[in-house]
Amino acid sequence: MTTREEADAASLTALAVAREAGLGVEAPRVLAARSNVMVLLAPGGPVARVGGLTATVRDVREHCSREIAVARFLHAAGAPVVAPHEPAGPHERDGRVLTLWELVPAGPPPGGPALGAALRACHEALHGYRGELPPLRALLDEATVVARRALDGDDRRLVVDGLARVSEALPPGGQPLHGDAGVLNALPGPRWHDWEDACVGPVGWDLACLVTSPRVLGRERERAEAALIAAGGEPDPLLVEARALQLAAWSALAGSANLGRRMQWLRERAPR
């Protein structure tokens, strides 16, 4: 998890970049500090997202460049997404990478049907996207690197071997996807954000992202299942397993309290 000191340092970086860009800064505060740090720069926005935990594993600038391109395209197409705030970046300072986003007005969490319909609308708009995106397999390869670093013993073998098996079985081709379409990545509106893992693969991957954590952890399940129906229906069980393996690796790296439950779920379903 991101520490208080790391969040404070990320906030200072965001303030410096905002001032250099000529943006007004007033009463800034940290909104969230998980794999990335979200900093509200002024009461009406923008919001800076500063790379945190993910920067220890991946080229954050490369991922953020793709994210900005996808979000700009979708916003221009009228899709329900959080819009970049120009100059959106990615910006680099103090060894950190950050991007700038419009502030989404506060409101209740979007209901499942609306959330799923919004994801479906994004998928439809993405048929027209022509930018370069990595294949889904690249996200699973990255998760393998994370698992080798963060897990050990039987847990590492279970996740690393499982990722290799599901990666080999992935269907070819696909279309542009969100790549990390968990229910917490849909803000009031609903508007989808956090396109950092945008990739090309089967739509079922995003559907698996909707429901895997709710099914494994027993949280947000009703909302996620309603979203799944609206978004397109039940994903291939292989993709649910792939998502569960990916999340176990990242949970280990983050030191998440959910890791034990995730590993138990995987052990119960491991091939014999």
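The values are calculated or read from the model by the stated rules, or taken from the named source; none is laboratory data. Note that the structure is predicted; figures quoted are calculated from it, not measured. Heads up, the Cβs are rebuilt from the backbone with ideal geometry, glycines too, and the neighbour counts pull from every protein chain shown. Protein only, heavy atoms only, side chains kept; ligands, DNA and RNA dropped before computing areas. Shrake-Rupley method; radii C 1.70, N 1.55, O 1.52, S 1.80 Å.
Some observations on this one:
- Screening G22 on (1) touching a strand residue (DSSP E or B) at 6+ places or on another chain (Cβ under 8 Å); (2) in a loop (DSSP other than H, G, I, E, B) shows it passes everything except condition (1).
- Filter result for G45 (open to solvent by 10 Å² or more (accessible area, probe 1.4 Å), on the phi > 0 side of the Ramachandran plot, without any contact (Cβ under 8 Å) to a residue 40 or more places away in the chain and not charged (D, E, K, R)): no
- Of all residues in region 184-209, those satisfying the criterion of being surrounded by fewer than 24 Cβ atoms within 10 Å (Cβ to Cβ) and part of a helix (DSSP H, G or I) are L184, N185, V203, G204.
- Taken together, R19, R29, R4 contain a single residue that is open to solvent by 50 Å² or more (accessible area, probe 1.4 Å), farther than 27 Å from R130 by Cα and modelled with pLDDT under 90, which is R4.
- Region 33-58: number of residues that are among the hydrophobic types (A, V, I, L, M, F, W, C), modelled with pLDDT under 90 and not in a loop (DSSP other than H, G, I, E, B): 3
- The C-beta contact set for region 185-214 (first residue at negative phi, second residue in a helix (DSSP H, G or I) and of a type in the set (D, E, K, R), distance under 6 angstrom, 6+ apart or interchain) comprises W195/E67; E196/E67; A198/R66; A208/R243; C209/R243; T212/R243; P214/R221.
- First in region 1-26 and at positive phi, second anywhere and open to solvent by less than 30 Å² (accessible area, probe 1.4 Å) and of a type in the set (S, T, N, Q), Cβ under 6 Å, 6 or more apart: none
- Test result for G255, open to solvent by 30 Å² or more (accessible area, probe 1.4 Å), modelled with pLDDT under 95 and within 21 Å of the chain's Cα centre (by Cα): yes
- Considering the conditions (1) assigned to a helix (DSSP H, G or I); (2) touching a Gly at 6+ places or on another chain (Cβ under 9 Å); (3) surrounded by fewer than 22 Cβ atoms within 10 Å (Cβ to Cβ); (4) in contact (Cβ under 8 Å) with a residue 40 or more places away in the chain, A227 is excluded by exactly one of them, (3).
- For region 79-116, filtering for residues that are open to solvent by less than 50 Å² (accessible area, probe 1.4 Å) and either of a type in the set (F, W, Y) or touching a residue at least 24 places away in the same chain (Cβ under 8 Å) (or both) leaves 21.
- Residue check, V203 touching a His at 6+ places or on another chain (Cβ under 7 Å), of a type in the set (A, V, I, L, M) and more than 25 Å from R49 (Cβ to Cβ): yes
- Qualifying residue in region 9-26 (condition: under 19 Å from L187 (Cβ atoms) and of a type in the set (S, T, Y)): no
- Residue satisfying condition, being in contact (Cβ under 8 Å) with a residue 12 or more places away in the chain and touching an Asp or Glu at 6+ places or on another chain (Cβ under 6 Å), within set D155, D180, D141: D180
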